[in-house]
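A quick write-up on the structure given underneath.
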Amino acid sequence: MSVTYLGMPPFPEAAETSTRDERLRGNLRHATRTIRNKRAGAVAELADWSALRTAGAQVKDRTLRHLDHYLEQLEASVTAAGGTVHWAVDAREANQIVTRLVRETGEREVVKVKSMATQEIGLNEALARAGISAYETDLAELIVQLGDDHPSHILVPAIHRNRGEIRDIFRKRMGRWGRPAPEGLSDRPAELAEAARLHLREKFLNAKVGISGANFMVAESGTLVVVESEGNGRMCLTLPETLISVVGIEKVVPTWRDLEVFLQLLPRSSTAERMNPYTSTWTGTTDSDGPRDFHLVLLDNGRTDTLADRVGRQTLRCIRCSACLNVCPVYERAGGHAYGSPYPGPIGAILTPQLDSMETGLDASLPYASSLCGACYEMCPVAIDIPEVLVHLRERVVQGGTATVRGQRTTVRPAKGHAAERAAMRAASWTFDHPRVLRTGEGFAARARRLMPRRLPGPGRAWTDTRDVPQVPAESFRDWWRRTRGPSASAPAGDSTTGADGTGQREDTR
Amino acid sequence: MRVALFVTCVNDALYPRTGQAVVTLLERLGVRVDFPEAQSCCGQPQFNTGYRHATEPLVHRYAAAFEGYDHIVVPSGSCAAMVRENYPRIGAKAAAEGRGGVLSAVAERMVPRTYELTEFLVDVLGVTDVGAYYPHTVTYHPTCHGLRMLGLGERPRMLLEQVKGLELRELEGAEECCGFGGTFAVKNAAVSSAMGADKARHIEESGAESVCTVDNSCLMHIGGTLSRAGSRVRPVHLAEILASTEESPL
Amino acid sequence: MSSRETVLGRVRRALADVPRAERPEQTPLDRAYLRVHGRRSPRETAKLLAAHLTDYRAHVHHSTPESLPETIAELLARRGSRSVVTPAGVPQEWLPMDVEQVRDSATLTPLDLDAVDSVVTGCAVAVAETGTLVLDASADQGRRRITLVPDHHICVVRVPEQVVDSVPLALERLDPARPQTWISGPSATSDIELDRVEGVHGPRTLDVVLVGAQGWDAPDAT
């Protein structure tokens with residue numbers, strides 16, 4: 001089962017359509033700019049931001065390098081505190097576990113806190129197939145669920161919708177799921193929030209089963225942490241009798257103290273607040289306070305494959321703050337849906353294909369959904385070098401190599417559809433490795449420069465549809481130098497260095 | 001001090017005037033500069049598209065061409081960043097693939113000698129006033145790899161501020177990518193063009209006569225977008241502004 | 001093989017590059033960040049707490065142990081509250097006689113709590129730099145749900161002793177075994193156009209009463 005949605009086209013195709021959607025562009029531009037400016041202010045308040053960022057990356061790296069140790073420690077402490085720990089190798093197994101646990105309660109309805117992990121595994125759809133209704137309770141998730149839509153942002157899944165669209169969705173759809181929207185609902189955000197409060201309240205107060213994810217799990221104490229704003233998280237975590245938390249294995253941190261780093265990094269990076277309105281922590285079960293039964297489902301679903309890749313491993317540091325989305329010029333224009341999974345933006349472009357073992361055409365297109373401008377890396381509170389991972393994954397697409405797929409070391413073949421490009425890249429490298437040929441080529445180009453059309457055919461069209469091509473000069477720099485300064489003192493030693501020490505071998509022999 | 005110019009393939013083939021400007025400028029500052037003809041391309045297009053193995057011969061070529069020089073001056077933030085940031089990665093990966101440490105050694109030798117033009121001027125020569133004259137309004141777009149990978153910071157602005165007659169205009173959203181991104185410009189043409197259009201609009205709104213960067217590849221995209229839109233703003237590489245004088249203006 | 005063994009086995013194979021003898025503590029971790037951002041007197045810390053609470057739309061009030069019942073009575077009256085739920089550790093004397101008092105107990109259902117107008121609790125610790133109140137279900141704070149379902153929360157903070165400067169200092173004081181709720185202003189959402197709106201599912205009104213002995217915050221007391 002793939003992390004990407006069924007039938008999604010490769011990124012460039014989806015982006016070509018979405019980029020033309022003026023309303024979407026407007027909504028995203030407005031929202032990302034607002035949050036970007038606010039974040040800058042929130043971060044500027046902490047003089048030690050870069051030290052926090054370093055420590056955040058280091059805590060995560062320490063955890064990842066000893067993940068087996070911390071997972072076993074976590075399991076022991078959650079169990080000791082009265083919880084039950086389950087392990088899920090993949091999405092299918094996680095969904096089976098949750099479905100079984102809900103069935104055992106005899107309930108047909110569950111309330112859900114926004115959780116990336118449960119979106120990743122398609123839990124709502126799996127529960128629906130088992131006849132169980134899952135109600136999303138985060139305001140934005142509710143908007144998405146009511147609108148039969150996909151989320152397009154990690155933090156604000158309905159960021160692609162403006163207030164007017166949200167009002168229309170509420171008016172049309174709320175009644176189908178429960179309490180309808182109030183008469184005469186306007187598009188004022190406060191009124192819309194009030195409508196959601198009323199709609200969801202009866203669900204919360206009667207809920208017997210809650211399902212959540214977690215932002216952090218503390219190995220030493222068995223404590224889970226959920227960071228939220230609206231209070232729907234608190235409702236789902238404390239009112240039901242049974243709580244099931246589905247959490248990726250990379251969400252573990254070693255100690256309670258480590259939260260001092262992340263509870264500073266996360267709110268300022270995500271909602272640009274000093275602290276989010278509500279953070280809940282719980283350790284197993286507590287007598288008469290909160291759920292009687294607590295189940296933790298530890299989810300792999302491609303994470304161990306990602307862990308096995310020494311460059312890709314840093315992806316697992318991610319704390320899902322979405323700062324990289326808010327600063328990404330590609331995300332801002334293409335929108336979240338073009339990324340075809342619950343993980344959009346720069347982090348999605350590296351996380352989705354790794355969790356998916358690059359199995360779909362969309363997966364193979366995602367590492368290219370970036371101009372490598374590096375703004376995401378600069379913003380990332382745990383210093384994930386996203387451009388480095390993007391380029392690394394591009395190698396996997398066009399060169400192949402070895403990778404771990406579902407726990408097995410596998411030789412990966414280059415993705416289909418890159419033959420012409422591969423030939424062109426090799427030819428370019430060969431030419432650049434033979435400056436005499438290069439010089440001849442430049443000479444041809446210079447002589448033919450007046451024949452250059454304003455719009456190019458074939459792949460060149462992608463450039464000339466919107467941009468003029470530069471004029472080829474009459475003389476290359478190389479020729480100018482030779483003409484005015486004579487041949488260089490340090491003439492080329494030879495035309496090719498390939499093979500001198502065996503390192504320049506052709507990739508197809510590998 | 002032996003100084004070599006790494007002109008870069010884009011400048012060699014399409015923007016020779018930038019290379020000529022670097023030579024003029026450095027000679028005016030009393031620096032003798034060589035152009036080792038064995039040089040070609042840093043390999044960035046291949047590397048950034050995922051063809052790392054096809055990049056390796058070009059790493060060797062770079063090293064062979066510039067062996068023996070103390071300073072290699074590159075009028076491109078992006079190509080300088082390729083050498084400084086990615087050559088060590090190419091070396092490390094080759095080693096991890098069991099092909100020894102030769103490429104790593106090459107990278108280690110070349111990285112500390114490779115300077116983007118403004119770094120060489122400000123850090124090595126210690127000048128910000130290069131005696132240039134350019135009586136125009138200019139807006140400066142800090143290109144991404146220079147800004148974020150090399151950390152050029154204020155260097156380009158410091159140089160521009162000392163140019164006689166030049167008036168700097170603020171650029172809205174200056175630090176946002178122009179949308180070039182190498183093969184990104186054609187692989188994701190729609191997004192690239194949308195980014196380019198926004199950049200071009202901000203440049204127009206700055207009211208400047210020229211837009212200046214330290215990267216001709218980005219400027220090719222920006223200039224192509226501006227020109228298609230019928231704009232009269234002139235794209236110009238920083239080196240050409242710095243080379244311009246009252247006696248021989250650009 | 002169980003899924004547990006499968007996942008742990010995959011983790012171990014994925015970490016083949018980590019030397020077997022390496023212990024977790026040997027990986028670098030430089031806690032060079034600050035424990036506190038700036039130097040403040042207890043009085044300044046309390047002021048910062050008040051400012052940051054206000055920033056996120058909590059209402060801050062000052063009181064003394066003697067006048068606390070009066071303050072609480074006024075806040076309840078202002079709101080028009082006719083019933084109030086309290087945990088066992090909140091003294092009865094804090095509350096006015098003319099308001100129906102509901103003592104928290106395990107028999108109270110969410111629907112019962114929904115019918116109550118207000119809740120009055122203490123707190124475990126308050127964090128000035130972030131404007132945060134932490135409740136840890138101690139006797140004067142009660143079960144987590146009582147501060148969630150009623151629409152109006154009055155939280156009493158003893159100053160200066162319950163106020164710390166920063167998140168690191170707060171965590172030091174807290175026991176992870178206890179269920180905690182960190183509260184920074186009333187519930188809010190930014191889900192509509194990333195614009196912050198206060199008041200969704202949690203209490204929409206948060207009154208914070210800073211209680212200190214008469215004169216504790218006189219300038220010369222610091």
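Of all residues in region B:97-137 being more than 18 Å from the chain's Cα centre (by Cα) and among the charged types (D, E, K, R), which is surrounded by the most Cβ atoms within 10 Å (Cβ to Cβ)?
Result: B:99.
Considering A:214, A:195, which residue is in a loop (DSSP other than H, G, I, E, B) and not β-branched (Val, Ile, Thr)?
Values: A:195 fails: in a loop (DSSP other than H, G, I, E, B).
The conditions single out A:214.
Within region A:464-477, work out how many residues are in a helix (DSSP H, G or I) and either closer than 30 Å to residue B:191 by Cβ or modelled with pLDDT under 95 (or both). Steps first, answer last, please.
Going residue by residue through region A:464-477, those that are in a helix (DSSP H, G or I) are A:464, A:477.
Checking which are either closer than 30 Å to residue B:191 by Cβ or modelled with pLDDT under 95 (or both) leaves us with A:464.
Matching residues across region A:464-477 total 1.
State which residue is farthest from residue B:74 (Cα to Cα) when the search covers only region B:182-216 and only residues that are within 10 Å of another protein chain (Cβ to nearest Cβ) and of a type in the set (Ser, Thr, Tyr).
B:193
Let me confirm something: among C:8, C:53, C:49, which residue is part of a helix (DSSP H, G or I), modelled with pLDDT of 95 or more, within 11 Å of another protein chain (Cβ to nearest Cβ) and closer than 28 Å to residue A:286 by Cβ?
From the options C:8, C:53, C:49, the qualifying one is C:53.
Given the conditions (1) touching a residue at least 40 places away in the same chain (Cβ under 8 Å); (2) within 15 Å of residue C:155 (Cα to Cα); (3) part of a helix (DSSP H, G or I); (4) more than 13 Å from chain A (Cβ to nearest Cβ), report the number of the one that residue C:73 does not fulfil.
Only one criterion in (1) touching a residue at least 40 places away in the same chain (Cβ under 8 Å); (2) within 15 Å of residue C:155 (Cα to Cα); (3) part of a helix (DSSP H, G or I); (4) more than 13 Å from chain A (Cβ to nearest Cβ) is unmet by residue C:73, namely (1).
In region C:86-101, which residues are out of contact with any helix residue (DSSP H, G or I) (no Cβ under 8 Å at 6 or more places or on another chain) and in a loop (DSSP other than H, G, I, E, B)?
Selection gives C:88, C:89, C:90, C:91, C:97, C:98.
Taking region B:31-68, which residues are surrounded by fewer than 23 Cβ atoms within 10 Å (Cβ to Cβ), within 7 Å of chain A (Cβ to nearest Cβ), out of contact with any Phe, Trp or Tyr (no Cβ under 8 Å at 6 or more places or on another chain) and assigned to a loop (DSSP other than H, G, I, E, B)?
B:38
If residue A:20 meets every condition in (1) part of a loop (DSSP other than H, G, I, E, B); (2) closer than 23 Å to residue A:318 by Cβ; (3) basic (Lys, Arg) apart from one, which number is that one?
(2)
Looking only at region A:413-433, which residues are in a loop (DSSP other than H, G, I, E, B) and facing chain B (nearest Cβ under 7 Å)?
Answer for region A:413-433, where residues must be in a loop (DSSP other than H, G, I, E, B) and facing chain B (nearest Cβ under 7 Å): just A:433.
Rundown of residues vs (1) surrounded by 24 or more Cβ atoms within 10 Å (Cβ to Cβ); (2) not assigned by TED's automatic domain parsing to the domain that holds residue A:79, yes/no style:
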| site | (1), (2) |
| --- | --- |
| A:238 | yes, no |
| A:241 | no, no |
| A:246 | yes, no |
| A:304 | yes, yes |
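In the set A:193, A:158, which member is farther than 28 Å from residue A:104 by Cβ, under 30 Å from the mean Cα position of the chain (by Cα) and touching a residue at least 24 places away in the same chain (Cβ under 8 Å)?
Answer to the selection: A:193.
Can residue B:13 be described as without any contact (Cβ under 8 Å) to a residue 12 or more places away in the chain, facing chain A (nearest Cβ under 10 Å), of a type outside the set (Lys, Arg) and closer than 30 Å to residue A:415 by Cα?
no
Looking at region A:182-205, is at least one residue of a type in the set (Phe, Trp, Tyr), within 30 Å of residue C:175 (Cβ to Cβ) and more than 9 Å from every other protein chain (Cβ to nearest Cβ)? Walk me through how you get there before you give the answer.
Taking region A:182-205 first, the residues of a type in the set (Phe, Trp, Tyr) are A:204.
Then keep just the ones that are within 30 Å of residue C:175 (Cβ to Cβ); that gives A:204.
Narrowing the set further to residues that are more than 9 Å from every other protein chain (Cβ to nearest Cβ) leaves none.
So far as region A:182-205 goes, no, none of its residues is of a type in the set (Phe, Trp, Tyr), within 30 Å of residue C:175 (Cβ to Cβ) and more than 9 Å from every other protein chain (Cβ to nearest Cβ).
Quick check on my filter: what residues within region B:129-183 are touching a strand residue (DSSP E or B) at 6+ places or on another chain (Cβ under 6 Å), under 26 Å from residue B:224 (Cα atoms) and either free of Cβ contacts under 8 Å to residues at least 12 places away in the same chain or in a loop (DSSP other than H, G, I, E, B) (or both)?
Matches in region B:129-183: B:136, B:141, B:143, B:166, B:171.
Among the residues in region B:219-237, are any of a type in the set (Ser, Thr, Tyr), within 15 Å of the chain's Cα centre (by Cα) and within 23 Å of residue A:472 (Cα to Cα)? Show your work before the answer.
Quick first cut of region B:219-237, residues of a type in the set (Ser, Thr, Tyr) only: B:225, B:227, B:231.
Filter again for within 15 Å of the chain's Cα centre (by Cα), leaving none.
Among the residues of region B:219-237, not one is of a type in the set (Ser, Thr, Tyr), within 15 Å of the chain's Cα centre (by Cα) and within 23 Å of residue A:472 (Cα to Cα), which makes the answer no.
Looking at region A:319-368, which of its residues are under 11 Å from the mean Cα position of the chain (by Cα) and not in a helix (DSSP H, G or I)?
A:319, A:320, A:321, A:322, A:340, A:341, A:342, A:343, A:344
Can you tell me which of C:178, C:173, C:158 is surrounded by fewer than 23 Cβ atoms within 10 Å (Cβ to Cβ) and over 22 Å from residue A:263 (Cα atoms)?
One residue alone meets the criteria, C:158.
Tell me which helices (runs of 4 or more DSSP H) are completely within region A:27-105 and hold 2 or more residues being under 22 Å from the mean Cα position of the chain (by Cα), surrounded by 20 or more Cβ atoms within 10 Å (Cβ to Cβ) and modelled with pLDDT of 95 or more, or say none if there are none.
Counting at least 2 such residues, we get A:49-65, A:91-105.
Counting just the residues of region B:157-181 that are farther than 18 Å from residue B:209 by Cβ and over 19 Å from the mean Cα position of the chain (by Cα), which one comes out nearest to the other protein chains (Cβ to nearest Cβ)?
If we take residues in region B:157-181 being farther than 18 Å from residue B:209 by Cβ and over 19 Å from the mean Cα position of the chain (by Cα), then B:173 is nearest to the other protein chains (Cβ to nearest Cβ).
Looking at B:110, B:149, which one is closer than 26 Å to residue B:202 by Cβ, aliphatic (A, V, I, L, M) and within 14 Å of chain A (Cβ to nearest Cβ)?
Step by step, each of B:110, B:149 is checked, and only B:149 is closer than 26 Å to residue B:202 by Cβ, aliphatic (A, V, I, L, M) and within 14 Å of chain A (Cβ to nearest Cβ).
Looking only at region A:233-282, which residues are farther than 15 Å from residue C:168 by Cβ and of a type in the set (Phe, Trp, Tyr)?
Result: A:278, A:282.
Run down A:296, A:265 and say which single residue is in a strand (DSSP E or B) and more than 8 Å from chain C (Cβ to nearest Cβ).
Values: A:265 fails: in a strand (DSSP E or B).
Sole residue among the options that is in a strand (DSSP E or B) and more than 8 Å from chain C (Cβ to nearest Cβ): A:296.
Results for (1) among the small types (Gly, Ala, Ser); (2) at the interface with chain B (Cβ under 8 Å from one of its Cβ atoms); (3) within 28 Å of residue A:316 (Cβ to Cβ), shown as yes or no for each residue.
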site	(1), (2), (3)
A:355	no, no, yes
A:399	no, yes, yes
A:411	no, no, yes
A:444	no, no, no
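Would you mind telling me which numbered condition in (1) surrounded by 24 or more Cβ atoms within 10 Å (Cβ to Cβ); (2) among the aromatic types (Phe, Trp, Tyr); (3) within 19 Å of residue A:36 (Cα to Cα) residue A:377 fails?
Just one mismatch for residue A:377, condition (1).
Within the group A:274, A:292, A:268, which residue is buried (at least 24 other Cβ atoms within 10 Å of the Cβ), over 30 Å from residue C:13 (Cα atoms), in contact (Cβ under 8 Å) with a residue 12 or more places away in the chain and assigned by TED's automatic domain parsing to the domain that holds residue A:205?
Numbers: A:274 fails: buried (at least 24 other Cβ atoms within 10 Å of the Cβ); A:292 fails: buried (at least 24 other Cβ atoms within 10 Å of the Cβ).
It is A:268.
Identify, please: which residue in region A:161-176 is under 30 Å from the mean Cα position of the chain (by Cα) and more than 25 Å from residue C:203 (Cβ to Cβ) and is, among those, nearest to the other protein chains (Cβ to nearest Cβ)?
A:162
The values are calculated or read from the model by the stated rules, or taken from the named source; none is laboratory data. Since the model is a prediction, treat every value here as computed from it, not as a measurement. Cβ: placed from backbone, ideal geometry, glycine included. Neighbour counts: every protein chain shown.
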